[in-house]
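Report on the structure given below.
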Amino acid sequence: MNIFDAIRKHYNVSGVHATTAPDNPRSQFAVDRYKNHLPKLIKPGMRALDLGCNAGRYTFAMEEMGAIATGIDFAEIPLRHAKEVAQKRKSRCQFNIGNIAALPYKENSFDLALLPQNNGYLSYQTLESLTVQLKEILSDNGIFVVIMHDELVKRAGEETLLERYDVQTGLMEGHITLPGKGVYAAPWVFWTVAFAKYIIEKHLALEKVEQIEDNRFMLVFCNKKK
Ligand SMILES: C[S@@+](CC[C@H](N)C(=O)[O-])C[C@H]1O[C@@H](n2cnc3c(N)ncnc32)[C@H](O)[C@@H]1O
């Protein structure tokens, strides 16, 4: 099974739960982490894209901050939940099924793209191809916001890598046990902030790297077309 199929399967099987459902206050903690950061980047009427939106908690949050927000994800089950919540709330958020590796959007469709803690699901090649796509899809001066942790910071002090680690691809073949549902492949790619920055900066201009928590970083890039 390839990395995309494995991730899609595990997110469809795990479905939506209290800590991820945008209509459950217990999921709010994830949005609150960025309450001093995201609102500063979002201007009223901005067209914002949530990459790997799951059930849409960041998509809805960006709408509440004034954006015209769209979420995309390749797992149908959480996306269905997002659409139901949008209908109930009479939200204008759009939710699209699709793979980050091949986005279904035309040139100049968004002013901001957010990748919130989802880079670990992307291979090095996929993050670069996403960045190249964003060069077209983002408007002039549109921004790409990546929120990520750094595997080396996480592992400081450890002498061994816990998961099986492939030196050529950076892939760590982890597994996740979903209570009552079984054990599923949960591949995760070894990312450092420096490497993500290096790849994205080849195509978009770095604006800033901000440390949000001990091991949570926000990288902001700008699409300078001219
Ligand atoms: C940890 S969840 C985060 C969801 C959301 N950002 C949140 O915090 O509620 C990661 C999501 O990214 C999606 N995802 C991972 N790789 C993807 C890809 N290549 N294309 C589309 N969606 C992807 C998964 O299906 C999953 O819903």
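The values are calculated or read from the model by the stated rules, or taken from the named source; none is laboratory data. Because the structure is a prediction, the values reported are computed rather than measured. Don't worry about glycine lacking a Cβ; one is built from the backbone with ideal geometry, like all the others, and counts go over all protein chains shown.
Give all pairs with beta carbons closer than 6 Å in which a residue from segment 11-23 that is within 15 Å of Arg89 (Cβ to Cβ) meets a residue that is of a type in the set (D, E, K, R); count only pairs at least 6 apart in sequence or on separate chains.
The qualifying pairs are Pro22/Arg57.
Quick one: would you say Arg8 is among the basic types (Lys, Arg), farther than 20 Å from Cys93 by Cα and either modelled with pLDDT of 95 or more or buried (at least 19 other Cβ atoms within 10 Å of the Cβ) (or both)? Please lay out each step first, then the result.
Working: among the basic types (Lys, Arg): yes; farther than 20 Å from Cys93 by Cα: yes; either modelled with pLDDT of 95 or more or buried (at least 19 other Cβ atoms within 10 Å of the Cβ) (or both): yes.
Yes.
Mind listing whichever residues of segment 64-85 are assigned to a strand (DSSP E or B) and either within 22 Å of Lys9 (Cα to Cα) or without any contact (Cβ under 8 Å) to a residue 24 or more places away in the chain (or both)?
Let us first name the residues in segment 64-85 that are assigned to a strand (DSSP E or B), namely 68-73.
Once the filter is applied, which keeps residues that are assigned to a strand (DSSP E or B) and either within 22 Å of Lys9 (Cα to Cα) or without any contact (Cβ under 8 Å) to a residue 24 or more places away in the chain (or both), segment 64-85 yields Gly71, Ile72, Asp73.
Could you list, ordered by first residue, the pairs with Cβ atoms under 7 Å in which the first is in segment 179-207 and part of a loop (DSSP other than H, G, I, E, B) and the second is of a type in the set (S, T, N, Q), at least 6 apart or interchain?
Close Cβ pairs (under 7 Å, with a partner that is of a type in the set (S, T, N, Q)) amount to Trp191/Asn119; His203/Thr131; Leu204/Thr131; Leu204/Asn223.
Take Gly182 and tell me if it is surrounded by 14 or more Cβ atoms within 10 Å (Cβ to Cβ) and at positive phi.
Taking the combined requirement at face value, the residue does not satisfy it.
Among the numbered criteria (1) within 18 Å of Gly120 (Cβ to Cβ); (2) modelled with pLDDT of 95 or more; (3) not in a strand (DSSP E or B), which one does Met218 miss?
(3)
Determine whether Arg80 is among the basic types (Lys, Arg), at pLDDT 95 or above and surrounded by 23 or more Cβ atoms within 10 Å (Cβ to Cβ). Please lay out each step first, then the result.
Numbers: among the basic types (Lys, Arg): yes; at pLDDT 95 or above: yes; surrounded by 23 or more Cβ atoms within 10 Å (Cβ to Cβ): no.
No; evaluated as a whole, the condition is false for this residue.
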